[in-house]
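Asks: Got a structure here, written out as structure tokens. Questions coming.
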Amino acid sequence: MRLLLISNSTNAGEAYLKYPIGRIGEFLSGTAEVVFIPYAAVTFSYDEYETKVQNRFDEIGVKVRSVHRFADPLKAVAQAEAIVVGGGNTFALASQMQAQELMEAIRKKIVSGTPYVGWSAGSNVACPTICTTNDMPIVQPESFRAIGAIPFQINPHYLDANPEGHAGETREQRILEYIEVNRDVDVVGLREGCMLSVEGERLSLIGPRPMRIFHYGKPVREMQAGEDLQFLMR
């Protein structure tokens, strides 16, 4: 398997996809064209999303073709050199992917070695389920099941902050609720500006911040880039 799972598309004060585009370019080296899954877009069109991503991918010489332009999305995925799944609303993304039977089709492509890049919601759907998304359920998908390319859950955009005057739950508290009910699942809190690389069975953290690992009955762990993460792939 080859996956690049990115926490967020845009760092504060930077242009769209600017910080990860170099890594994406390295990851997609030798790829001429990708099939793009735009279904997390809600307040703008799929055409606009394709153009937005293409403008950045022009820097790495990769053509972006959105799956919504194909008469047969399953065939488009089956023939894809690489698959890219953009961020936005995870429930909208999952709903459309399930309706078109793309979850299983993409899983098969990933297992066969086709490169996969996702950011935010696109990273969520690489997990077994979408249950650790931060998004509101604006639509109801068939289920919470996702691609399942990796055996653990990701919480992208992970924040430690508890703003002054905020009386609601923190991100950590929400994840602790999740593992209280799902006791055999690891959850990775992936901070912004960071990404996970999967090459075969090798898992690596890339970025300037550590990630947090939550598992029921165990202390929360902070893991730095370069540390051994293989236990998450078991």
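Asks: Give me the 1.4 Å probe accessible area per residue for the chain, excluding ligands and nucleic acids, in Å².
Replies: Normalised by residue count, the accessible surface of the chain is 46 Å².
Asks: To make sure I understand the rule: partners must be lysines, Cα under 22 Å from the Cα of LYS18, and not fewer than 8 residues away in the same chain. Which ones qualify?
Replies: Leaving aside lysines fewer than 8 places away in the same chain, those within reach of LYS18 are LYS52, LYS63.
Asks: So who's got an amide H within less than 5 Å of the one on GLY88, skipping anything under 5 residues away but keeping other chains? H placed 1.01 Å off N, in plane.
Replies: Sorted by chain and number, the residues that satisfy this are ALA121, GLY122.
Asks: If you don't mind, there's one more thing I want to ask. Mind pulling the angle between the C-alpha long axis of helix 46-57 and the longest principal axis of the chain? Nearest 10 degrees, somewhere in 0 to 90.
Replies: The answer is roughly 90 degrees.
Asks: Moving to a separate point now. In what sequence, highest mean first, do 116-123, 152-159 appear when ranked by Cβ atoms within 10 angstrom?
Replies: Descending mean neighbour count gives 116-123, 152-159.
Asks: In terms of Cα to Cα distance under 19 Å, which aspartates and glutamates are near enough to LYS218, apart from those fewer than 8 places away along the same chain?
Replies: ASP160, GLU172, GLU177, GLU180, ASP184, ASP186, GLU227, ASP228
Asks: Tell me, what % of the accessible area of the chain is carbon and sulfur with a 1.4 angstrom probe?
Replies: 49
Asks: In deg cm²/dmol, rounded to 500, what helix-only [θ] at 222 nm does the chain give when every DSSP H run of at least 4 residues adds -39500 (n - 2.57) and the total is split over its residues?
Replies: -7000 deg cm²/dmol
Asks: Okay, moving on. On a 0 to 90° scale, report how tilted helix 102-111 is relative to the longest principal axis of the chain, with both axes built from alpha carbons and the result rounded to the nearest 10.
Replies: 90
Asks: Relative contact order for the chain: what percent, with Cα pairs under 8 Å and sequence separation of 6 or more?
Replies: 21
Asks: So which aspartates and glutamates can LYS75 reach, going by Cα to Cα under 17 Å and dropping same-chain residues fewer than 8 places off?
Replies: The qualifying aspartates and glutamates are GLU33, GLU101, GLU104.
Asks: Could you go through the range 15-28 in sequence order and give the Karplus-derived ³J(HN,Hα) for each residue, using 6.51 cos²θ - 1.76 cosθ + 1.60 with θ = phi - 60°, rounded to whole Hz, and x for Gly and Pro?
Replies: Computed from phi, the couplings for the range 15-28 are 6, 4, 6, 5, 6, x, 5, x, 5, 4, x, 4, 5, 9 Hz.
Asks: State the Cα centre-to-centre distance between the range 60-83 and the range 97-136 in whole Å.
Replies: 15
The values are calculated or read from the model by the stated rules, or taken from the named source; none is laboratory data. Please read all numbers here as calculations on a predicted model, not as lab measurements. A quick note on method: Cβ atoms are made from the backbone with ideal geometry, for glycine too, and the neighbour counts reach across all protein chains shown. Calculation scope for accessible area: heavy atoms of the full protein, side chains included, ligands and nucleic acids excluded. Shrake-Rupley method; radii C 1.70, N 1.55, O 1.52, S 1.80 Å.
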